[in-house]
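See structure below.
The values are calculated or read from the model by the stated rules, or taken from the named source; none is laboratory data. Remember, it's a predicted structure, so these values are computed and weren't measured experimentally. Positions of Cβ are generated from backbone atoms using ideal geometry, with glycine treated the same way; all protein chains shown enter the neighbour counts.
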Amino acid sequence: MIIHVDMDAFFASVELRERPELTGLPVVVGGSASGRGVVAAASYQARKFGVFSAMPMTTALRLCPDLVCLPVNMGLYVSVSQQIHQIFSRYTPVIESLSLDEAFLDVGASEKLFGTAAEIARQIKSDIKNECQLIASAGVAPNKFVAKIASDIDKPDGYVVVEPGGVQDFLDPLPIKRIWGVGKKTEQRLKQAGINTIHDVRNKRADWLIQRFGKLGEHIFRLANGLDARDVIADAKAKSVSSETTFASDIQDKDILLATLAQLSEQVAARLRDKDVKGKTISIKIRFHDFKTITRSRTLAESTFSTKQIWLTAKQLFLDVLRTGATPIRLVGVSVSGFAGNEAQQGDLFEQDVKQDKLDVLSDEINQRFGKSKIHRGRKI
Ligand SMILES: [Mg+2]
């Protein structure tokens, strides 16, 4: 069985834990409105006003003028993330992190030692609550696709177990947009064909879906039938570290897009440093309003986990794409791959780079030790 653990409103919840005086107030973490920032996380109190992550801060403030806006304190979130990771690793070594606050755990080999997957998930939730004073939602299921839906469906403080025999009953009533890969466009087309729920998909033949949607049709059919054979890939074997944001509504403002890209670069770099892994290839991913998706990569001469280097490369790749004209964008992502492994580092390291590495590590450490925002990178790095 697989457990998907996802922290509730992670960045915002960590800030609320650090600043109890803000309890009950609508709080967001993100870039400033004057700097054309984006909401990175919204507390549940803020969500009542319609404020969500990946929303421009100016929009958020319009919806909720009393919103408390806090800067992103990545170092602190990384240290809490490490603590949560340590809790996971008590129960299984097979942990695949999706972001700082979200992971798949394969507990297939742990059940003899620690009880059923359902019991392990409950234990993890209570460990996180007791040791970190934070709330996690957990989904338990025979595969990744179902586990991820299960953790999301009863948030916050969710705990949903889907036994192997219960997968179809669980999936059938859900709307088709719950299927990975079904975006607005596909959803529209499926609805036009009278398909609204996962149950409706299952009533269609696979070749009917493949005829209309090609490869995506086959993918939809498989997931609707609860079939997802993807393994949980332990982080140590991961070939890349990535982070992406889907905007609440399409964004055309270049500054907001760049601010988001800077945030994602910082997050990816912090995770690389946390794992003590450097990568050579920096990639960005852009999904336009029409769902056309592109990736652009650059391979550097030296491996890096420096926020500055990752951000500058991502920025350059992004500006190259935008040169052809600004179109509304739905999603941006940053990833680093091409890890050095055990091979010796080649070539000269410029002193500048060594300094930058030290600065990054120092900033992580200071943030961890003192919490709150002692050091925060502005856009101009
Ligand atoms: Mg989360």
### Message
Here is a check on your reading of the model: is ARG36 assigned by TED's automatic domain parsing to the domain that holds ALA118, touching a residue at least 24 places away in the same chain (Cβ under 8 Å) and of a type in the set (Lys, Arg)?
### Response
no
### Query
Somewhere in the range 21-36, is a residue assigned to a helix (DSSP H, G or I), within 16 Å of the ligand (Cβ to nearest atom) and at pLDDT 95 or above?
no
### Query
Quick one: what pairs do we get from the range 1-26, first residue without any contact (Cβ under 8 Å) to a residue 60 or more places away in the chain, second near the ligand (Cβ under 9 Å from one of its atoms) and not aromatic (Phe, Trp, Tyr), C-beta under 8 Å, 6+ apart or different chains?
ALA12/ALA41
### Task
Being farther than 17 Å from PRO142 by Cα, free of Cβ contacts under 8 Å to residues at least 60 places away in the same chain and more than 16 Å from the ligand (Cβ to nearest atom) is the filter; apply it to the range 93-129 and report the residue that is surrounded by the fewest Cβ atoms within 10 Å (Cβ to Cβ).
LEU113
## Note on the structure
Among residues of the range 260-313 being more than 23 Å from ALA248 (Cα to Cα) and of a type in the set (Asp, Glu), the residue nearest to the chain's Cα centre (by Cα) is ASP274
### In the range 1-20, residue farthest from the chain's Cα centre (by Cα) [restricted to those that are outside any helix (DSSP H, G or I) and crowded, with 24+ Cβ neighbours inside 10 Å]
ILE2
### Query
List, please: which pairs have Cβ atoms under 7 Å, are six or more places apart or on different chains, and start with a residue in the range 204-223 that is without any contact (Cβ under 8 Å) to a residue 12 or more places away in the chain and end with one that is surrounded by fewer than 15 Cβ atoms within 10 Å (Cβ to Cβ)?
ILE210/GLU218
### Summary
Exactly one of ALA41, ALA54 is surrounded by 17 or more Cβ atoms within 10 Å (Cβ to Cβ) and in a loop (DSSP other than H, G, I, E, B), and that one is ALA54
